[in-house]
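Below: the structure, in structure tokens.
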Amino acid sequence: MNPPQPGSLAAILDALGHGLPMLIVQVVACAVLLAIGVAIYIRLTPFHEGEMVAGGNAAAGTMLAGAIVALAIPLAAMLATSSTLVDILVWGVVALVLQLLTLGVVALGMRNFRGMIEGGNVAAAITLAGAQIAVALLNAAAMVPN
């Protein structure tokens, strides 16, 4: 039996049958890494983001949203460029560590950072979110294989 012609429906279905299971595994791995990363991030921050967001603190919401996006960017880069689950897992952990370091550096660089966020200072939260997203973009670009 001849292999399906490239571009034919049979070839597309064949590729889908081979690639879809790995895609699902990689997407689930990224989602799990993102959830773990967010959980660790929330545990390590000196805030109670859930309570603050529920109470309408826009600064806490901005900070948490920035962290989620910043954690997702390098994971997305790895998902787009890597064909192995190990790469995604290893670089996902590296991304998490870099984001936590970014939080620490920004928090140390801003006087009374905790008080500003707890007080609803959105400007402080945007500064942190911007720093985290910038580091995430650089991290993602550095992870992409040449």
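Structure data summary
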{"item": "Inter-probe distance in nm under a simple model that places probes 7 Å from Cα toward Cβ, at VAL93 and ALA54", "result": "3.3"}
{"item": "Relative contact order (percent, whole number), the chain, Cα cutoff 8 Å, 6+ residue spacing", "result": "31"}
{"item": "Net charge contributed by nearby residues that have their C-beta within less than 14 Å of LEU64 (K/R +1, D/E -1)", "result": "-2"}
{"item": "Dipole axis of the chain (+1 Lys, Arg; -1 Asp, Glu on Cβ), positive-most option in THR81, ALA10, ILE126", "result": "ILE126"}
{"item": "Sorted by Cβ density within 10 Å, fewest first, the residues MET22, MET78", "result": "MET22, MET78"}
{"item": "Cβ-based net charge around PHE47, under 13 Å, with every Lys or Arg adding one and every Asp or Glu removing one", "result": "-1"}
{"item": "Test item: Cα-centred dipole of the chain, Lys/Arg +1 and Asp/Glu -1 on Cβ, debye", "result": "280"}
{"item": "Centre separation in Å (Cα based) which lies between the stretch 66-118 and the stretch 123-141", "result": "9"}
{"item": "Option label - P(r) over Cα pairs in 10 Å bins from 0, in percent computed here, alternatives [x] 11, 35, 25, 15, 8, 4, 1, 0; [y] 12, 44, 38, 6, 0; [z] 11, 40, 35, 11, 2, 0", "result": "[x]"}
{"item": "GNM flexibility winner over the chain from PRO21, PRO46, PRO74 (Cα, springs under 10 Å)", "result": "PRO21"}
{"item": "Degrees between helix 85-109 axis and first principal axis of the chain (Cα, 0 to 90, nearest 10)", "result": "20"}
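Throughout, read-outs are computed from the coordinates displayed, never taken from laboratory work. These numbers were taken from a predicted model, which means no experiment stands behind them. Note that we place each Cβ from the backbone using ideal geometry, even for glycine, and neighbour counts take in every protein chain shown.
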